[in-house]
Amino acid sequence: MWTKIFLILYAVAFLAMCVLTYFSYAQLQSIGFAPKDIAGSFLSYAGIYWTALWISALLLLILSNVVLWLTRQYWALWLTFLYFSIFVLVRTWWLNEVYVSYTKQNNLPAETLFGYGIIGVLLCIVAAVGIFFNQFLVLRMRDRMHGVDKPLEEVVVVEEAPPEENV
């Protein structure tokens, strides 16, 4: 059941972030408004984008920890990491470049966003390390509470030797 809940939330979050990505990009492609207003609307969507990404990634992380605890399967954790990394890199590399080129094209003052893409990559690396340690800690806590399930190959059966007869 928790796996299905996770997958449904993952699909909803992924679609929502795709829609926010499209709205951010489409905002810079719109015509009929002043370039300053368009850039301001893009920054507004960018704020919503980051907020939605952090909240949805946190919810997915919580649910993936539940799935890991109950099933000892870590695929949900790494799927959450993939979700987070995709949208961080889309925002920091692609949407940022579109925004910077739009502001240059329309002679608008833009914030200096030098190194923004590198910060996105570093954020993804930190998230990967965090997911790895999260997986390690949850599995260790689960094993301490419920005991470790050992496969049959590891169980060693010791047979007693028959008693020797004294002659």
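The values are calculated or read from the model by the stated rules, or taken from the named source; none is laboratory data. All values reported here derive from a predicted model rather than from experimental measurement. Neighbour counts are summed over all protein chains in view; Cβ atoms, including those assigned to glycine, are modelled from backbone coordinates with ideal geometry.
Looking only at residues of the range 113-167 that are modelled with pLDDT of 85 or more and of a type in the set (Phe, Trp, Tyr), we find that the one that is nearest to Tyr99 (Cα to Cα) is Phe132.
Every condition in (1) surrounded by fewer than 20 Cβ atoms within 10 Å (Cβ to Cβ); (2) under 20 Å from the mean Cα position of the chain (by Cα); (3) not β-branched (Val, Ile, Thr) holds for Ala34 except the one numbered (2). Every test in (1) part of a helix (DSSP H, G or I); (2) in contact (Cβ under 8 Å) with a residue 40 or more places away in the chain is passed by Leu108 save one, and that test is (1). Mind listing whichever residues of the range 8-28 are out of contact with any Ser or Thr (no Cβ under 6 Å at 6 or more places or on another chain) and within 12 Å of Leu95 (Cα to Cα)? Correct list: Leu20, Thr21, Tyr22, Phe23, Ser24, Tyr25, Ala26, Leu28.
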